[in-house]
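Q: Below you will find the structure I want to go over with you.
Nothing in this text is a laboratory measurement; each read-out follows from the coordinates by a stated rule. From a predicted model like this one, the values you see are computed outputs, not experimental measurements. Ideal geometry is used to build each Cβ from the backbone, glycine not excepted, and the neighbour counts take in all protein chains shown.
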Amino acid sequence: MRTRAQAQKVSDLTGGKVLLDKNKPTRKVALAGDFEQYRDALESVSVLFGLCDDTGEKVSTGWTVTGASFEVEWPKDPQLASLVRSHFGARRVAYNWALAKVKSDMDAKRQGASYPSTPWTLEAFRKQWNQEKNEVAPWWGDNSKEAYASGIADLVQALSNWSSSKHRSRKGRKVGFSKFKSKRKDQNRVRFTTGAMRFEDDRRTIVLPTIGALRSKENTRRIQRHLAKNNARLLNCTLSERWGRLFVSCQLAIKTGVVSPSPTATSEVNIR
């Protein structure tokens, strides 16, 4: 699956065995028998997983990931337009809060190696955010929780890129340590992974959590028809501002032909 937590959940649902690497759990689960008997359980956790037979040969999972982007109109209602900008700002607040926490932990760690710093994971930062959000951002309830999760997730990825670059396990240009985001330089964007995300049947309306309905300037048929037939699942939507214009980019998993291993094979699911 995509995470070790998802792999453990799949193991609990199917009775499969989480594979270990150096005595640590991985994102891989070994399943005995025909994979199709486990498909519903796996897809209840995530539709994104890699499937291998007992020889290690990869086979299709039945889903492919694709994306699309649509320009939408800025809301004519001033309050709704202000809400969109508030979500952009909320993402920056959460990013800067988490970065300040990291810097504070690093300074304290230099003074004493036993200092209990916050792990650089989305789960750890979100737990800490929920404990401090009333003091850091008393207005947090005005925006979707995804706005804050989006900022924290961006920092976690940036820290991961910096760490892998520092240890030379990342190819390409050297990645510097994260800097605080400013309204003047940061691109306005916010990503939604849960909540009320949908493409309406009129093929012009895109609904996002808390923000609500936005009018697309182009027909959304290429996405909406798959969702209407239950042949696709929305994974996430990103609302962004570029050149003063507003865009919604979405990523979705679309069902394709299924190729499963033989009934006697042992399936290895690599959740990514």
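Q: Could you bin all the Cα-Cα distances of region 74-190 into 5 Å bins starting at 0 and give me the percent of pairs in each, rounded to whole numbers?
A: For region 74-190, the pair-distance distribution reads 2, 11, 18, 20, 19, 13, 8, 5, 2, 1, 0.
Q: Counting other Cβ atoms within 10 Å, which trypsin sites (Lys or Arg not before Pro) in region 51-93 have at most 11 and lie in a DSSP loop?
A: Details: sites: K58, K76, R85, R91, R92; in loops: K76.
When the trypsin sites (Lys or Arg not before Pro) of region 51-93 are filtered for loop state and at most 11 Cβ neighbours within 10 Å, K76 remain.
Q: Check each of the chymotrypsin sites (Phe, Trp or Tyr not before Pro) in region 34-89 and keep only those in coil by DSSP with at most 10 other C-beta atoms within 10 angstrom; list them in order.
A: In loop regions of region 34-89 (DSSP not H, G, I, E or B), there are no sparsely surrounded chymotrypsin sites (Phe, Trp or Tyr not before Pro).
Q: Only loop residues by DSSP count here, and only those with at most 15 other Cβ atoms within 10 Å; note down the trypsin sites (Lys or Arg not before Pro) in region 121-229 that meet that.
A: R168, R170, K171, R173, K174, K179, K183, R184, K185, K217, K229
Q: Given a 10 angstrom Cα cut-off, can you work out which residue in S164, S144, S249 is the most mobile in a GNM of the chain?
A: S164
Q: Something else now. Considering only C-alpha atoms, what is the centroid distance from region 1-76 to region 188-234, in Å?
A: So the two Cα centres are separated by 24 Å.
Q: For the chain, what is the calculated [θ] at 222 nm in deg cm²/dmol (nearest 500), taking -39500 (n - 2.57) for each run of four or more DSSP H residues and dividing by its residue count?
A: Details: 6 runs with 97 residues, N = 272.
Computed mean residue ellipticity for the chain: -12000 deg cm²/dmol.
Q: Once you order the gyration tensor axes a ≥ b ≥ c over the Cα atoms, which shape class does the chain get: rounded for a/c under 1.5, otherwise prolate or oblate by comparing a/b with b/c?
A: It is oblate, given that a/c is not under 1.5 and a/b is not larger than b/c.
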